[in-house]
Amino acid sequence: MDGERRVPWREVEPLPDLNGTLEPMLKTVSALRDAWEDALRVASPEDVLAARERRLRRHAIETGIIERLYDLDWGVTEALVAEGLSSEVASRAGAPRAG
């Protein structure tokens, strides 16, 4: 043990709150979750399916925009999310352009 430096044992102390407590933020998240669960209880299965399809379209469209596969203006993006890809939506002004 020659040349070794010994450090006396100390209990590990919890880290201090750096930006305050998380409690207010967690309450907000809980309130949003409760509101979502309330909405799901009153929604019809058809409404839930339609909302899920719109969310999946939005994710697909936004992924393509992020990956620069195409360039869409906001109005076309919203029309595609709401209605899906149809010949009517695709032929509107501001339709998808090759990137």
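Just for segment 48-81: of the residues that are surrounded by 12 or more Cβ atoms within 10 Å (Cβ to Cβ) and of a type in the set (Gly, Ala, Ser), which one is nearest to Glu37 (Cα to Cα)? Only one residue tops the list, namely Ala51.
If only residues of segment 45-68 that are at pLDDT below 85 and farther than 13 Å from Gly84 by Cβ are counted, the one that is farthest from the chain's Cα centre (by Cα) is Arg68.
The values are calculated or read from the model by the stated rules, or taken from the named source; none is laboratory data. Note that the structure is a prediction, hence the values are computed from the model and not measured. Backbone-built Cβ (ideal geometry, glycine too); neighbour counts: all protein chains shown.
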